[in-house]
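Each value in this text was obtained by applying a stated rule to the coordinates, not by laboratory testing. Everything numeric in this text was worked out from a predicted model, so none of it was measured. So basically every Cβ, Gly included, is an ideal-geometry build from the backbone, and we count neighbours across all protein chains shown.
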Amino acid sequence: MPELPEVETVRKGLNQLTLNQEIAGGDVLLDRTIAYPFSVGEFVNGIKNNAIATWHRRGKYLLAELSSSSGWLGVHLRMTGQLLWLDRDEPLHKHTRVRLFFGDRQELRFVDQRTFGKIWWVPPGVAVESIITGLAKLAADPFSPEFTVEYLASKLQNRRRPIKTALLDQSVVAGLGNIYADEALFKSGILPETLCIDLQLKQIELLRTAIIQVLETSIEAGGTTFSNFLNVKGTNGNYGGVAWVYNRAGEPCRVCGTAIQRIRLAGRSSHFCSQCQTLQGVRRRD
């Protein structure tokens with residue numbers, strides 16, 4: 001699933017290519033992709049003849065503010081969603097679900113192999129959170145002023161759950177997922193199965209710093225492509241080539257040479273170095 005860096009990469013690309021361009025129309029090829037309105041015709045009519053003023057990101061959600069107070073366009077890529085800026089004459093991929101038409105025969109295509117992705121049009125005067133209800137459940141974004149050591153400590157302390165599992169909870173940290181939770185835990189020297197209640201404040205401080213650092217590094221690299229992720233121009237992300245532990249089971253640790261291990265926690269894979277990460281000690285990875 002695309003995580004914060006991948007969604008942020010897409011947001012930046014959309015802001016470079018689509019702003020102030022009027023949506024001339026659309027074609028919905030898979031009705032259930034449209035989460036709201038429940039009528040596909042109402043969705044197309046709602047966004048038609050409106051320009052995109054700017055794209056925002058909240059957690060893993062993309063939100064386009066439409067011009068002239070015409071509402072909002074929301075997108076969640078989920079597992080395999082892609083937003084691609086293409087010439088309208090480009091042959092359709094078989095997993096194309098929605099097409100938004102712009103001038104100069106350009107279009108924004110939503111391609112989604114697994115079909116879990118969703119798109120919303122929020123009418124003007126309606127609270128975005130009342131339609132895209134997942135937004136109300138999101139925790140603080142790692143790049144927001146609210147994401148302080150004290151904030152993260154309040155979310156983690158006194159909870160008897162593994163720290164890796166907690167970091168995947170969008171009500172704890174918005175936008176973080178399996179890849180960057182593993183990477184942040186490595187950089188902060190914490191084993192993924194460490195219980196939140198056992199973390200010391202110093203470890204939480206290092207973890208907060210590591211979360212921000214790995215996300216910034218991945219955004220600079222254009223995100224991570226291990227399977228489906230592409231930016232709006234159809235280009236892969238490059239972070240995977242420099243990942244510390246994720247998807248590197250059996251390979252030597254980039255710091256100490258110990259073989260990276262992989263375990264399952266709450267049904268998700270977790271990658272770590274048993275030498276550089278500990279249950280009690282603090283071994284920060286710079």
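Taking H as built 1.01 Å from N, whose amide H comes closer than 5 Å to the amide H of GLN106, not counting residues under 5 places away?
For GLN106, the qualifying residues are ARG88.
On a 0 to 90 degree scale, rounded to 10, what angle separates helix 4-17 from the longest Cα axis of the chain?
30
Which lysines have a Cα less than 26 Å from the Cα of LYS164, not counting those fewer than 8 places away in the same chain?
By straight Cα distance, LYS164 reaches LYS60, LYS137, LYS155, LYS187, LYS202.
Name the residues of the stretch 98-123 whose amide N is less than 13 Å from a point 7 angstrom out from the Cα of ALA51 along the C-beta direction?
Of the residues in the stretch 98-123, 103 have backbone N under 13 Å from the label point off ALA51.
Below 8 Å, C-alpha to C-alpha, sequence gap of six or more: please give me the relative contact order for the chain in percent.
18
Work from the charge dipole of the chain (Cβ charges, +1 for Lys and Arg, -1 for Asp and Glu, about the Cα centre) and give the residue of LEU201, LEU138, SER171 farthest towards its positive end.
It is LEU201.
What angle do you read, to the nearest 10 degrees and between 0 and 90, between the alpha-carbon axis of helix 201-220 and the longest principal axis of the chain?
Roughly 40 degrees, rounded to the nearest 10.
What do you get for Rg/Rh over the stretch 134-286 if you use C-alpha atoms and the Kirkwood form of Rh?
Expressed as Rg/Rh, it is 0.95.
Return a whole-number percent for the relative contact order of the stretch 1-127, with Cα pairs under 8 Å and 6 or more residues apart as the contact set.
Contact order relative to length: 30 percent.
Given the -39500 (n - 2.57) contribution per DSSP H run of 4+ residues, what per-residue ellipticity at 222 nm results for the chain, rounded to the nearest 500 deg cm²/dmol?
After summing the helix terms and dividing by residue count, I get -7000 deg cm²/dmol.
Ordered by residue, what ³J(HN,Hα) values in Hz, to whole numbers, does the stretch 259-276 give under the Karplus form 6.51 cos²θ - 1.76 cosθ + 1.60, where θ = phi - 60° and Gly and Pro are x?
Result, rounded to whole Hz: 5, 5, 9, 10, 10, 10, 10, 6, x, 10, 6, 10, 10, 7, 10, 5, 8, 7.
Fully extended, how many nm does the chain gain between SER39 and LYS137 (0.36 nm per residue separation, minus their Cα-Cα distance)? Walk me through the numbers before you get to the answer.
Values: separation 98, 0.36 × 98 = 35.28 nm, distance 2.58 nm.
Here the segment from SER39 to LYS137 would lengthen by 32.7 nm.
Under the definition of Cα pairs under 8 Å and six or more residues apart, what whole-number percent is the relative contact order of the stretch 135-286?
The value is 25 percent.
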